[in-house]
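No value in this document is a laboratory result; all are computed from the given coordinates. All figures in this text were calculated on a predicted structure; none of them were measured in a lab. Note that we place each Cβ from the backbone using ideal geometry, even for glycine, and neighbour counts take in every protein chain shown.
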Amino acid sequence: MSELRPSRRDLLAGTLAGAAVSVLATRSFSALAADPAPPAPVPVAPAGPLILLPLPYADTALAPVISQNTLSFHYGKHHKAYVDNGNKALAGSTLFARQSIPEILRATQGKPELAAVYNNVAQAWNHQFYWQSMRPGGGGAPSGRMGDKIKSDLGGYDAFKAIFSKAATGRFGSGWAWLVSNKGKLEVMDTPNADNPLTLGLTPLVVIDVWEHAYYLDFQNRRADYVTAWLEKLVNWEFADANLG
C-alpha cells in the first residue's frame with residue numbers, strides 16, 4: 001500500500017487535532033508512563049497501514065473509573081477489531097493513497113459502498129484519540145489557558161461540565177461527546193456511531209466514548225455516573241491544550 005502522509009497544514013494547523021493516531025499517516029504521541037504526570041506530545045508521521053499503538057498507560061492506570069477488565073477488552077478487542085477490519089477494507093486499494101485522515105473520511109462518509117473504510121478508519125482514529133483524552137490523576141477544572149478559554153467561551157467550568165454532560169448522556173445509542181475548537185472558539189458537540197468533527201473541519205480537543213462497551217462492565221446502564229467520574233478524575237487537559245495549538 002502506498003504511504004499516506006499528512007500535509008504540513010494537517011500537522012501544524014491541527015486539522016488532525018493533534019491526535020495520537022492509530023491510522024494511516026497521522027500524528028502520534030509518545031507513550032505515557034503509568035504515573036500520572038501529563039504527557040508531552042511528540043508529533044511524528046508514521047507511514048503504512050493502520051496500526052494499533054500501545055496504550056499510553058498501564059491497563060490498570062484508570063481504575064477505579066475504568067477497570068482493567070473494561071480497558072483490556074475495549075482496547076484489545078474493540079479497538080483492535082477496527083484496526084484489523086480497516087486494514088482489510090484498505091488492502092490493495094490505491095484510492096486513498098497519500099490522503100490525510102480528514103480527506104479519507106470526507107471522501108467516504110455517507111457512501112454505502114465505502115462504509116467499511118469510513119467506519120473502521122474513523123473508529124480507529126476515534127479510539128486512539130479517546131485513550132489520549134484521559135490520564136491517571138486527570139480531571140477537574142483546568143487551569144491556565146484551557147481554564148481561561150472555557151470561562152470565556154463556555155461560561156466557566158461548571159457551565160462546561162453541564163453542557164458536556166448533557167451532550168454525552170443525551171447522545172441516543174452509540175457515539176461520542178467532544179470538546180472542539182471551531183476557528184479558535186471552544187464548542188461542545190456529540191456525534192453518532194463512528195462520526196467525528198474532522199469531517200466538519202473542526203479541531204477535536206478531547207473526547208469521551210459513550211458506546212456501551214466503554215463503560216458497561218463498570219457502570220452498567222448508569223452512563224451519567226460514568227460521564228461524571230470521567231470529568232472529575234480522567235479528562236486530560238494537557239492533551240486538550242496541546243491540541244488547541
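Projection of the Cα convex hull of the stretch 144-244, averaged over all directions and equal to a quarter of that hull's surface, yields 6.0 nm².
With the Cα gyration tensor of the stretch 110-198 giving a ≥ b ≥ c as the square roots of its eigenvalues, does the rule (a/c under 1.5 for rounded; else a/b larger than b/c for prolate; else oblate) give rounded, prolate or oblate? If you can, show how the numbers build up before the last one.
Values: a/c = 2.12, a/b = 1.92, b/c = 1.10.
Prolate is the answer for the stretch 110-198, as a/c is 1.5 or above and a/b outweighs b/c.
For the stretch 204-214, 3J(HN,Hα) computed residue by residue from phi via the Karplus equation (6.51, -1.76, 1.60; θ = phi - 60°) reads x, 10, 8, 9, 10, 8, 10, 5, 4, 5, 6 Hz, glycine and proline entered as x. The label-point distance for S152 and F73, in a model that sets each label 7 Å from Cα toward Cβ, rounds to 4.4 nm.
Residue-wise HN-Hα couplings along the stretch 140-146, as the Karplus relation 6.51 cos²θ - 1.76 cosθ + 1.60 with θ = phi - 60° gives them from phi, are x, 6, x, 10, x, 4, 5 Hz; Gly and Pro carry x. Taking only the Cα atoms of the stretch 168-225, the ratio Rg/Rh comes out at 1.02, with Rh defined as the Kirkwood radius.
Going through the cross-link list K88/K111; K161/K233; K80/K233; K111/K161; K151/K183; K77/K166, which pairs have a Cα-Cα distance over 23 Å in this structure? The partial results should precede the final answer.
Numbers: K88/K111 18 Å; K161/K233 13 Å; K80/K233 26 Å; K111/K161 35 Å; K151/K183 17 Å; K77/K166 28 Å.
Cα-Cα > 23 Å for K80/K233; K111/K161; K77/K166; rest within.
Sparse packing (at most 14 other Cβ atoms within 10 Å of the Cβ) combined with a DSSP loop state is found for the following chymotrypsin sites (Phe, Trp or Tyr not before Pro) in the stretch 95-199: F172.
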